[in-house]
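All remarks here apply to the structure that follows.
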Amino acid sequence: MNTEAETTATELRISILGMRCAGCVSAVEGAIAEIPGVIEVNVNFADHSALVKGTADPEALKSAVKQAGFDAAIMEGLDEDPAEQEQQELQRYRQLMRKAVVAGIIGIPLMLGAHLNWFPEIGSPDGQAFWSWIALISLGVLVYSGASFYTGAYQSMRLKQANMDTLIALGTGAAWLYSCVIIDYSDVLPSLSKHAYFEAAVVILAFLNLGSALETLARGKTSGAIRQLIGLQPRTARVVRNGQELDVAIAEVGLGETLRVRPGEKIAVDGVVLEGHSAVDESMLTGESMPVEKGVGAQVVAGSINLQGSFLFTANRIGRDTALAQIIKSVRQAQASKPEIARLADKISSVFVPTVIALSLLTFFAWLIFGPEPALGYAFVTSMTVLVIACPCALGLATPISVMVAVGRAAQAGILIRKGEALQTAGKLSCVILDKTGTVTEGKPKVVAIDAFGTATTEQVLTWAASIEAGSEHPLAASILAAASADNITLAKVKRFAAIPGHGVSAEIKSQKILFGNSALMQAQAVNFSDYAEKLKTYAELGQTPMLLAVDGSIAGIIAVADPIKTDSAEAVKVLQAKGLRVIMVTGDNEITARAIASQAGITEVRAQVLPQDKADIVKELQLLGEKVGMVGDGINDAPALAQADVGLAIGTGTDVAIESADVVILQGSLLKVADVIALSKATVKNIQQNLLGAFFYNTISIPVAAGLLFPMFGVLLNPMIAGAAMAMSSVTVVANANRLRWLKFD
């Protein structure tokens, strides 16, 4: 049951700065969820944003995020400047690199000096002053290069949570404090434990910031599809007001305004062509490379490019209602959504950090009790190494970064993934249901045959039919008129026109009585058509709709109209069947026509004369039999079935992108894209599994090694600095692996 809040709910995107792991995601989601008016919140770790649905005050949301220890800013749809976004990402990268360089400049000489005995001994008169200065300098580095980690750990503690920042703060903070204790109390500690770990704390921060910088650089590339789409929106439009053409800001264009588009210009808003003719490049919206011809009455969409000719059009969708805005919104929703496999990773991450802290303590006491001298030194180094190497950055990135890249790759191919779950489910489909009209067929009836009898010619038959249909509103009338226009036929003057519902039309042309319609019309008007019954049956068996034309009581011709199958439907069905999928066509059309169309497309299973509301029942029926069902339809009449299916795929044309019932929208209308969605799903799930396996394997192997498992047998002990470098590089590896999806080739 919808509440009043749900009906008035809006969606806001919040840019969040400072998230470093899955634990940060939980902290942000928890903070936002507590704000009154929030219905749903999804935080996208991959692009550091949150999608919030509800009626909450934006300022309250920002304040909640900041109180949780992160910076926040409200993001405004198409108002975002791609260049500005890239500049912000670059600034973030440079900031992290500066922190890494500062830590490295101090840490690397300290590390080399410690190994090469350049520095005075701790406890000596010279050593006391020298190491005191090093303590102050390294503290400055910790504040500059590690402040974000420490504030993050503090905020996490306030929320009674633990995250990656907790591990880093504990590890580096303990290293610095331990080293200070060594300086001040060196005379009471065993001689072998007199080693400062200032260099470890500083170099760890150098590696962590370097890893974050490289991750930021790589992550910036994953949102390229979104930035390309935003970049399609022109900043100005040429409107016609009071007979004058003016260039105005895009925000000033109103509904119903007339706009001029010249050759080479981007179309500013959605609309309908009023005057002129041109070819428009819609490839960035639909993935279709061929230009689309646009004449009077044609729909044009924002972001497409006018190639030739100048035309006027009237705006019917502006701002966030345009096709382009809806595409960007849907892509972002998909990137922020969490498939089941991502929720599993989140659950693991939520218990992972406390487990690591417990293991670190266990390691400390095990070495302290059972380790060789200096036991305290070994205990400290191993426990700190466990904390550092176990940071779950890679685990938190594993799923969202793959989903983000995959959704962007789909958008480039003219496929709009509206729900992230579809990326996981589509690859598991066992059955695909196809609607007929507009899905298997073009959805635009065409004249496919004209027969003339007696003294009549095919041109006369078409002239009579087109002339009489010019006053008709029947859906098939447009196909008759289109055929006449293509043959440059001049329409005759019509008198006494009458439409006969369910039968056809009648009129007079040059004192001749013309009837045009089905066999029921001829029977009602006592026109004998028995000689043509076999021909009518043949047309019907081919999936065509034959219409009889009579002149003064005698049959003069037959015009057959059909909705032809799309040029690639048969190939698409063959590809789906080759993948082992069961393909079924469901239609409200009669059995004969349905079988004829199915035969042309290579489909053997057909359900005919099915009402739109009954299509969902067929989906349920198949699901009860254990099938994973994908439903492909036009997204309007098929809405219940699209919603019921495991994956609903709506066939669109670039403007019908806000279909709430579909999980996936195929913009250019090609059925071959269904196979592409399945291929992308399988590739994405495989990529996520690789990332998760790598992250789990990394932590499973590295934690025992860090704890000193190999020391008794091989004398191998990980240095905390090496652990920091390995942890940082694991995140970069995950990002790099996810980016391979950007170059996925569809069959």
Considering residues that are open to solvent by 20 Å² or more (accessible area, probe 1.4 Å) and not in a helix (DSSP H, G or I), the number found within segment 430-448 is 8
Here the residues within segment 460-479 that are open to solvent by less than 20 Å² (accessible area, probe 1.4 Å) and either hydrophobic (A, V, I, L, M, F, W, C) or within 14 Å of residue 450 (Cα to Cα) (or both) are 461, 462, 465, 466, 468, 477, 479
Are any residues in segment 114-136 assigned to a helix (DSSP H, G or I) and in contact (Cβ under 8 Å) with a residue 60 or more places away in the chain, and if so, which ones? 114, 131, 134, 135
Can you report the number of residues in segment 43-71 which are at pLDDT below 70 and either surrounded by fewer than 16 Cβ atoms within 10 Å (Cβ to Cβ) or under 29 Å from residue 234 (Cα atoms) (or both)? 2
Does segment 480-496 contain any residue that is at pLDDT below 90, in contact with a Gly (Cβ under 7 Å, 6 or more places away or on another chain) and open to solvent by less than 70 Å² (accessible area, probe 1.4 Å)? yes
Based on what the data block shows, is residue 227 modelled with pLDDT of 60 or more and in contact with a Leu (Cβ under 8 Å, 6 or more places away or on another chain)? no
When you look at residue 492, is it part of a strand (DSSP E or B) and among the small types (Gly, Ala, Ser), yes or no? no
Condition check for residue 74: open to solvent by 30 Å² or more (accessible area, probe 1.4 Å) and either touching an Asp or Glu at 6+ places or on another chain (Cβ under 9 Å) or modelled with pLDDT of 85 or more (or both): yes
Meets criteria (among the polar types (S, T, N, Q) and touching a Gly at 6+ places or on another chain (Cβ under 7 Å)) for residue 609: yes
Filter segment 169-198 down to residues that are at pLDDT 75 or above and either of a type in the set (Val, Ile, Thr) or more than 30 Å from residue 49 (Cα to Cα) (or both) and give me whichever is most open to solvent (accessible area, probe 1.4 Å). 177
Could you pull out every one of the strands (runs of 3 or more DSSP E) wholly within segment 528-618 that has 1 or more residues that are in contact (Cβ under 8 Å) with a residue 24 or more places away in the chain and either open to solvent by less than 30 Å² (accessible area, probe 1.4 Å) or of a type in the set (A, V, I, L, M, F, W, C) (or both)? 545-551, 554-562, 582-586
Test for residue 482: is it out of contact with any Lys or Arg (no Cβ under 7 Å at 6 or more places or on another chain), touching a residue at least 12 places away in the same chain (Cβ under 8 Å), aliphatic (A, V, I, L, M) and closer than 27 Å to residue 650 by Cβ: yes
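The values are calculated or read from the model by the stated rules, or taken from the named source; none is laboratory data. Since the model is a prediction, treat every value here as computed from it, not as a measurement. All Cβ positions, even for glycine, are placed from backbone atoms using ideal geometry, and neighbour counts span all protein chains on display. All accessible areas refer to the heavy atoms of the entire protein, side chains included, with ligands and DNA or RNA removed. Shrake-Rupley method; radii C 1.70, N 1.55, O 1.52, S 1.80 Å.
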